[in-house]
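> Okay, here's the structure, questions in a sec.
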Amino acid sequence: MCGIFGYVGTRTAEPILIEGLRTLEYRGYDSAGIFVPGYGAVKAVGPIDNLAQKITDTISGTSGIAHTRWATHGAPTEVNAHPHADMSGTVWLVHNGIIENYRELREALRAQGMNFESETDTEVLAKLIGSFNHGSLEEAVRTALKMVRGTYGLAVLSERNPEQIIVARMGSPIVLGVGRDGHFVSSDASALLAHTKDVVYLDD
């Protein structure tokens, strides 16, 4: 858990995501990552500069999600850093909070043949959502969250529909920003001020 930032619009997303993460650095973190549809995910341990230096290609996508992590489940490693993906590798998730029943959910998903790379509760949530994704990502998120106990603020993005970010919260802040050339999501309204003052605080 720590900082969430996301963007969907007409501008190139990657520099917006990196700058968004920089505005959240004050919260403290041990790793960071971004996901942009059509390019994939990039993760790094340590400061945002480490993440930025790993991005050597031009990323042209106009949507994406990003996260700064403070380790709760699992050590601060690239494997444990967000974003996390479902089994298909097409649905990606960033998440703040703690999924209290992640162990039992993980075992149920393993019984379905799913494999896990990280030690995190967030990867469990990503794969749970993916297991219900049969056309509507929004409905998949709704269905999965009915099975979850704990707190969450999350942003979900799919390769198959890069113009839509699904967000939800329960006890962990999520703020939406409405801009002229796109929309934003963050765990902290201060990260949106450089882009818009038109914000909506999501209810649980």
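The values are calculated or read from the model by the stated rules, or taken from the named source; none is laboratory data. Only a predicted model underlies this, so the values are computations on that prediction, with no experimental measurement involved. Positions of Cβ are generated from backbone atoms using ideal geometry, with glycine treated the same way; all protein chains shown enter the neighbour counts. These accessible areas exclude ligands, DNA and RNA; they are computed on the full protein's heavy atoms, side chains included. Shrake-Rupley method; radii C 1.70, N 1.55, O 1.52, S 1.80 Å.
> Label region 1-45 by shape, choosing from rounded, prolate and oblate, from the square roots a ≥ b ≥ c of the eigenvalues of the Cα gyration tensor; if a/c is under 1.5 it is rounded, and otherwise prolate applies when a/b is larger than b/c, oblate when it is not. Could you put the intermediate results ahead of the total?
Working: a/c = 2.50, a/b = 1.49, b/c = 1.68.
Oblate.
> Indicate the gyration tensor shape class of region 25-138 (rounded, prolate or oblate), computed on the Cα atoms with a ≥ b ≥ c the square roots of the eigenvalues: a/c under 1.5 is rounded; otherwise a/b larger than b/c is prolate and the rest oblate. Let's see the in-between values first.
Working: a/c = 2.13, a/b = 1.31, b/c = 1.63.
Note, shape of region 25-138 comes out oblate.
> Among the lysines in the chain, how many pairs, 8 or more places apart or on different chains, have alpha carbons under 30 Å apart?
Taking the Cα cut-off of 30 Å, the pair count is 6.
> Under a 1.4 Å probe, what is the accessible area of region 1-107 per residue, stated in Å²?
Value for region 1-107: 38 Å² per residue.
> Multiply the residue gap between GLU25 and LEU202 by 0.36 nm, knock off their C-alpha separation, and tell me the result in nm, one decimal place. Walk me through the intermediate numbers first.
Numbers: separation 177, 0.36 × 177 = 63.72 nm, distance 2.21 nm.
Extra length from GLU25 to LEU202 when fully extended: 61.5 nm.
> Summarise the accessible area of the chain (1.4 Å probe, protein heavy atoms) by the percent that is carbon and sulfur.
Reported share for carbon and sulfur atoms: 49 percent.
> Gap in Å between the Cα centre of region 122-192 and the Cα centre of region 23-46?
16
> How would you classify the chain from its alpha-carbon gyration tensor, with a ≥ b ≥ c the square roots of the eigenvalues: rounded for a/c under 1.5, else prolate if a/b is greater than b/c, otherwise oblate?
Details: a/c = 1.43, a/b = 1.31, b/c = 1.09.
Since a/c stays below 1.5, the shape of the chain is classed as rounded.
> May I pose another question? By per-residue mean of other Cβ atoms within 10 Å, what is the highest-first order of 33-39, 107-113, 14-20?
Ranking, from highest mean packing down: 33-39, 14-20, 107-113.
> Grab the other residues whose beta carbon is less than 13 angstrom from that of MET170, score K and R as +1, D and E as -1, and report the net.
Details: positive: ARG142, LYS146, ARG149, ARG169; negative: GLU100, ASP203, ASP204.
Combined, the nearby Lys, Arg, Asp and Glu give +1.
> Here is a follow-up. Quick one: if the Förster radius is 25 Å, what FRET efficiency do GLU104 and ARG142 give, using the C-beta to C-beta distance and rounding to 0.05?
Calculated value: 0.80.
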